[in-house]
Amino acid sequence: MELAVRAGIEKDKAVYVYRRLNGGYYMKIYYSKSPILYNLMNWPNLYLRRKFYPKLAEPGYREAVQLLIGLDVISIIGMSSMILNRPLPLELTRGDIEEAFSAIKDDAMENSIYPFPEEGEVKITQDFFPFITDLVRKRKEDDSKNIVEVLNDIAYESEALEEVRRKYPWAKTVNREDSLKALGLAGKLEEFLKAEESRLVILMGQRNLHIDRLLVEKGISGTVKLLGHLEELDPDFVESVEKVKKMVLEVSNYV
């Protein structure tokens, strides 16, 4: 909110936009479970709140939308730039901001909604720096977590384990640290690995910094598109994803 006020946006309008857009991707990532960058996989759908487009297009609200989207893009790509010790690729950030507003426009046009929030100029200042450093800190915390615990957490929250709980009475009391073993016992591991592949891709992409290299070279939109096609990614990275899948199989084995 302080950033919006410093940019000359009324606080009540900034709060309205923040709530309608669910805090944006910065907040989604900041408060996310591991792997935190998994939230990027639905980029830029978080902004497609067509019910509120006319209000968000009004003066003050429009500028708050522009600032929020700009902050999201700059903090995310800035995070990867800082982790890799590379300069912020300004053209890529502008391209992602443009694509986000293009998605809003397309969504509005398809649903015959007018007006809708449109792109404006967001000046990149030192005020963005604390948001970048906050995401770097959250990344370091996230990437330092025990990977087996993270995998069990993913399994515990998965639809595959929910199905096992519904089908087998014994599974209702399974705790987090035994989640993968429960999936193995129920013969649901392959289903789990298929359903959660993109989450495992992000998990390994964070830990070996491959996702950061993509973000500073391809931007958010380009990275999300590539991560959905493993065959187009670096073979060494693909191998790391296969290794974590093997780890899942090993951890799930009761023997």
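We did not get these values from a lab; they are worked out from the coordinates using the rules stated. Every value quoted in this text rests on a predicted model; they were computed, and no experiment measured them. Don't worry about glycine lacking a Cβ; one is built from the backbone with ideal geometry, like all the others, and counts go over all protein chains shown.
When the range 135-191 is filtered for residues that are in contact with a Leu (Cβ under 9 Å, 6 or more places away or on another chain), over 19 Å from Val251 (Cα atoms) and among the hydrophobic types (A, V, I, L, M, F, W, C), only Trp170 remains. Residues in the range 162-183 that are surrounded by 19 or more Cβ atoms within 10 Å (Cβ to Cβ) and either closer than 27 Å to Glu239 by Cβ or among the basic types (Lys, Arg) (or both) were compared, and the one that is farthest from the chain's Cα centre (by Cα) is Leu183. Among the residues of the range 54-84, those identified as crowded, with 21+ Cβ neighbours inside 10 Å, under 19 Å from Asp106 (Cα atoms) and more than 21 Å from the chain's Cα centre (by Cα) are Leu56, Arg62.
From the list Glu119, Glu91, Glu110, Glu98, pick out the single residue that is surrounded by fewer than 15 Cβ atoms within 10 Å (Cβ to Cβ) and in contact with an Asp or Glu (Cβ under 8 Å, 6 or more places away or on another chain).
On the way: Glu119 fails: surrounded by fewer than 15 Cβ atoms within 10 Å (Cβ to Cβ); Glu91 fails: in contact with an Asp or Glu (Cβ under 8 Å, 6 or more places away or on another chain); Glu110 fails: in contact with an Asp or Glu (Cβ under 8 Å, 6 or more places away or on another chain).
The unique qualifying residue is Glu98.
One residue stands out among those in the range 195-212 that are charged (D, E, K, R) and farther than 15 Å from Ile77 by Cα: the one that is surrounded by the most Cβ atoms within 10 Å (Cβ to Cβ), which is Glu196. Residues in the range 37-52 that are part of a helix (DSSP H, G or I) and either surrounded by fewer than 21 Cβ atoms within 10 Å (Cβ to Cβ) or touching a His at 6+ places or on another chain (Cβ under 6 Å) (or both): Asn39, Met41, Asn42, Asn45, Leu46, Arg50, Lys51, Phe52.
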